[in-house]
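Heads up, the thing below is written out as structure tokens.
The values are calculated or read from the model by the stated rules, or taken from the named source; none is laboratory data. This structure is a prediction, so every number in the text was calculated from the model and none was measured. Positions of Cβ are backbone-derived with ideal geometry, glycine not excepted, and every protein chain shown enters the neighbour counts. We work out accessible area using only protein heavy atoms, side chains counted, and drop any ligands, DNA or RNA first. Shrake-Rupley method; radii C 1.70, N 1.55, O 1.52, S 1.80 Å.
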Amino acid sequence: MDKDGNTLAQAQTLQLTAPEVPIIEQAYSKLSNSITVEWAEVSGATSYQVITQAGLLFFDSIVTSSPGTVTGLQAATSYKITVRSINSAGKSQPSPSKWATTVLAAPSVTMESSSSDSISVSWHPVSSAVLYSVSVMRSDGSGSRWNQNTTALSLNFTSLDPGTIYTIKVHAWDTKGTPGDDITYSQITRPLAPSDIQIAFNGGALEAIFSVPGAEVTTNYTVLLYSAAPTEASANCTMSVCPCTVSSLHCGIEYTVSLLASNKAGSILSTKTWSLVSVPCAPSGISAVEENPGNLTLSWSSGNLSDYYVVFVKSDDGFEVHCNTTQSPCYFPAECGFIYFMSVFAYSKAGQSPLGELLNYTTAPCCPSDFSTAYVSSDTLEIVWSAVRGAEMYETKADDGTKVIYCNDTATVCALSGLRCNTQYNVTVFSYSENRRSNTSCSSKYMKTAPCSPEITNIGTVDESTYTIHWDASNYDAVYNVTVKGGSRSWNCTSLSTFCTLKSLPCGSMYMVSVVAFTPEGVSLPSYSVPLETAPCCPTSLSVVQVTQSVTNVSWSAAPGAQTYTTMLQSPTGQAKCHTPEEHCLLGCITCGTSYSVSLEALSETGLTSQCTYHGYSSSACCPSGVKLYRLSNTGIRVTWRASATQDNYTVNIYGTKGNFSCSPNSSFSYCDVTEIPCGDVYTVVVSPVIEENNQISFCPQKIYSVTCSGSSLGMVIYRGKRNIT
């Protein structure tokens, strides 16, 4: 039977057996480490086990269909091969075996190029090999292809292209004429010996730039420079298609240049050499003397192989003068407050000497007078000024009367750090030169640091959305800005005192409060942030629904910032109260016909409270008691009750299978007559007070009565919770 208790129409039984034995059709080897087997597939088989055996060594592979390959085998080895078919029931018996031999392994090859047009290939012998095949062709596929068979262990290929990469393949053959694994190598031939070189000499930098016309990308060229002077060392540089540079050459030297071409195959030296003649050396011993104010005399030591000299004198404002002479010295005018840079060049037919000794002469420096603050903070003054004539270094001094701070720098900016906040300093900038020392007549200026950072001491609550922030600060004439941040919004207030009031902060939110001080000198660091939590919001809506005569359901909307709620209904006769984390609550012990005040208290996670007051609520009128039925005639009954103390209107509703009936008496009566009601039925009678707009209360108790048809006699019997009217 199935799970529903039905009898199954039929039952099936499945019994599996191992599949049939497969028959191997062929087995062969294309790689030295594997054998591929093909067989006729067997019905019912889900996979196959291919097994190879050589002596005590076994290898197998599980495949889903023919053919199957077993790897990890040894080269040039005969293997006995069987196949088993497999399904969930098990494995078949092994198939009739076949034998297959793996092909020869690839030779281990060594190659080299000993010239620009040849490659030698050699290899180690392969066991069981009777012949070797070698093929050589350009890697780019152009040109001819050389194929050669040999029983030797090496071959030499000639008439190849220089500096060209060739692809070389080698494989062995066994006695049956079966080729083994082949292996592919790349080998480049040596480059052609270079026959020309271009030389560009830069005498000013004492360097030479070399390039080879028609240079090959695959070839590196090494330039070799040799000097006849025994004390001079050789130099070299290496290039490909781009030029190379040999720097730090010596002046007054003739060099011999040779060129070596090389690639991965080896190198070839050029058959010719070239000559490179350097420029004369720069004069030495340069000195400047200001014998008379405003006049400079420049002298130097004459050098060998120089035809004449050119002296350049340049002031730091860019103005330059020079003189040509065959001997020392030269004379120049000079002004105070300047730095003069002087150099002497020697000339010959080879060109200009390199830059030699550079002499500078500095007159007394001027004082910076336009210094000012570029940045001001509570503990830092960054001073900037314009450079002045003759100054090599500047010293900035800040003095507040009790402590002096110095800053030395060659730049026209200095940061005086570690200062006291809201403090006035006497700042002076001095200029220095190494030769003329300092100008001590520089004037000073008064500068003040930015205000000190305030410290928030207290946050006071004015009302549910207004707060007063208090802080401490030791600043003079400062303006304070308070920032309150919460979410993506912020609120600010500004004060000249040490407190500030923020209004209209949204309820039920967490804020971070910080204070910043402003003075004409700058802005302080912000104070440490202090958290400010506003009281939770009151729910925007609240409803009270009477569930029974003494139970009321109060529900409200979620309030931002509130974690729990306490709701209360209060009347002169008592109160109902509920504390809950939910957004609704059932309140019992409600007195019917009573007016209540409705309030709710929203509490945050940290205990902040908001008192929320809503419109009053009046409970429904009380349900009547003592409901009874009396027979008036065969078709009429009277329903009576005991009314509540209040003067309420009531409605009588009678429900039965033969119809529904109702009546509504005047409020001064506590009975109601229904004149047309069929007998012989069971009726449900509900007497309810009528509330606004003729609505009835739905929770008054129901009475069940049985009305029988038995003449004009009137009687009443109660049984099983029902009344029987006869």
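Some observations on this one:
- When residues in region 489-512 are screened for being under 23 Å from Glu601 (Cβ atoms) and either open to solvent by less than 60 Å² (accessible area, probe 1.4 Å) or of a type in the set (Asp, Glu) (or both), 6 of them pass.
- Considered as a group, the residues in region 14-35 that are open to solvent by 50 Å² or more (accessible area, probe 1.4 Å) and either without any contact (Cβ under 8 Å) to a residue 40 or more places away in the chain or not in a loop (DSSP other than H, G, I, E, B) (or both) include one that is nearest to Thr178 (Cα to Cα), and that residue is Lys30.
- If you check Tyr480, Tyr467, Tyr476, Tyr511 for being of a type in the set (Phe, Trp, Tyr) and at pLDDT below 90, only one passes: Tyr476.
- A single entry from Ser287, Ser258, Ser262 fulfils the requirement of being on the phi < 0 side of the Ramachandran plot, modelled with pLDDT of 85 or more and open to solvent by 40 Å² or more (accessible area, probe 1.4 Å): Ser287.
- Strands (runs of 3 or more DSSP E) within region 547-653 that include 3 or more residues under 30 Å from Cys672 (Cβ atoms), at pLDDT below 90 and open to solvent by 10 Å² or more (accessible area, probe 1.4 Å): 625-633, 636-642
One line per residue, one yes/no per condition, for (1) among the β-branched types (Val, Ile, Thr); (2) modelled with pLDDT of 80 or more; (3) farther than 30 Å from Glu254 by Cβ:
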site	(1), (2), (3)
Thr325	yes, yes, no
Phe332	no, yes, yes
Glu335	no, no, yes
Phe338	no, no, yes
Phe341	no, yes, yes
Ala346	no, yes, no
Lys349	no, no, no
Thr363	yes, no, yes
Pro368	no, yes, yes
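- Of all the residues in region 141-176, those that are farther than 23 Å from Ala193 by Cβ, open to solvent by 40 Å² or more (accessible area, probe 1.4 Å) and assigned to a loop (DSSP other than H, G, I, E, B) number 8.
- The set of residues in region 564-605 being among the β-branched types (Val, Ile, Thr) and free of Cβ contacts under 8 Å to residues at least 40 places away in the same chain consists of Thr564, Thr566, Thr567, Thr573, Thr580, Thr594.
- Qualifying residues in region 513-542 (those that are among the small types (Gly, Ala, Ser) and assigned to a strand (DSSP E or B)) - the one surrounded by the most Cβ atoms within 10 Å (Cβ to Cβ): Ala517
- Filter result (more than 14 Å from Trp39 (Cβ to Cβ) and outside any loop (DSSP other than H, G, I, E, B)) within region 68-106: Thr71, Ser78, Tyr79, Lys80, Asn87, Gly90, Lys91, Trp99, Thr101
- The set of residues in region 36-50 that are open to solvent by 20 Å² or more (accessible area, probe 1.4 Å) and more than 17 Å from Pro19 (Cα to Cα) comprises Thr36, Glu38.
- Test set (1) free of Cβ contacts under 8 Å to residues at least 40 places away in the same chain; (2) exposed (fewer than 15 other Cβ atoms within 10 Å of the Cβ) - Ser248 fails condition number: (1)
- Condition check for Val313: without any contact (Cβ under 8 Å) to a residue 12 or more places away in the chain and either under 20 Å from Glu434 (Cα atoms) or open to solvent by 50 Å² or more (accessible area, probe 1.4 Å) (or both): no
- Test set (1) within 21 Å of Thr519 (Cα to Cα); (2) open to solvent by less than 90 Å² (accessible area, probe 1.4 Å); (3) acidic (Asp, Glu) - Asp477 fails condition number: (2)
- Scanning region 266-324 for residues that are of a type in the set (Val, Ile, Thr) and under 19 Å from Leu358 (Cα atoms) turns up Val279, Ile286, Val289, Thr297, Val310, Val311, Val313, Val321.
- Criterion applied to Ala350, Ala346 was being aliphatic (A, V, I, L, M), closer than 30 Å to Trp300 by Cβ and open to solvent by 40 Å² or more (accessible area, probe 1.4 Å), and the one residue passing it is Ala350.
- Test: residue in region 423-430 that is at pLDDT 90 or above and either open to solvent by 50 Å² or more (accessible area, probe 1.4 Å) or at positive phi (or both): yes
- Count of residues meeting criterion [hydrophobic (A, V, I, L, M, F, W, C), open to solvent by 30 Å² or more (accessible area, probe 1.4 Å) and under 15 Å from Tyr480 (Cβ atoms)] in region 433-469: 1
- 3 or more residues more than 60 Å from the chain's Cα centre (by Cα): qualifying strands (runs of 3 or more DSSP E) within region 276-379: 284-292, 295-301, 308-315, 320-325, 330-333, 339-348
- One residue stands out among those in region 51-62 that are in a strand (DSSP E or B) and closer than 14 Å to Trp99 by Cβ: the one that is most open to solvent (accessible area, probe 1.4 Å), which is Gln53.
- The residues on offer are Gly418, Gly390, Gly401, and the sole one that is surrounded by 17 or more Cβ atoms within 10 Å (Cβ to Cβ) and at positive phi is Gly390.
- Selection of region 264-275 for residues being in a strand (DSSP E or B) and of a type outside the set (Phe, Trp, Tyr) yields Gly266, Ser267, Ile268, Leu269, Ser275.
- Failed item, numbered, when Ser65 is tested on (1) more than 23 Å from Gly180 (Cα to Cα); (2) part of a strand (DSSP E or B): (2)
- Listed by first and then second residue, the pairs linking a residue in region 537-558 that is under 21 Å from Thr609 (Cβ atoms) and without any contact (Cβ under 8 Å) to a residue 60 or more places away in the chain to a residue that is of a type outside the set (A, V, I, L, M) and surrounded by 14 or more Cβ atoms within 10 Å (Cβ to Cβ), with Cβ atoms under 6 Å apart and 6 or more places separating them unless they lie on different chains, are Val554/Thr567; Val554/Cys585; Ser555/His584; Trp556/Pro539; Trp556/Glu583; Ser557/Pro539; Ala558/Glu583.
- Members of region 319-378 found to be closer than 30 Å to Pro520 by Cβ, in contact with an Asp or Glu (Cβ under 7 Å, 6 or more places away or on another chain) and touching a residue at least 40 places away in the same chain (Cβ under 8 Å), listed by number: Thr373, Tyr375, Val376
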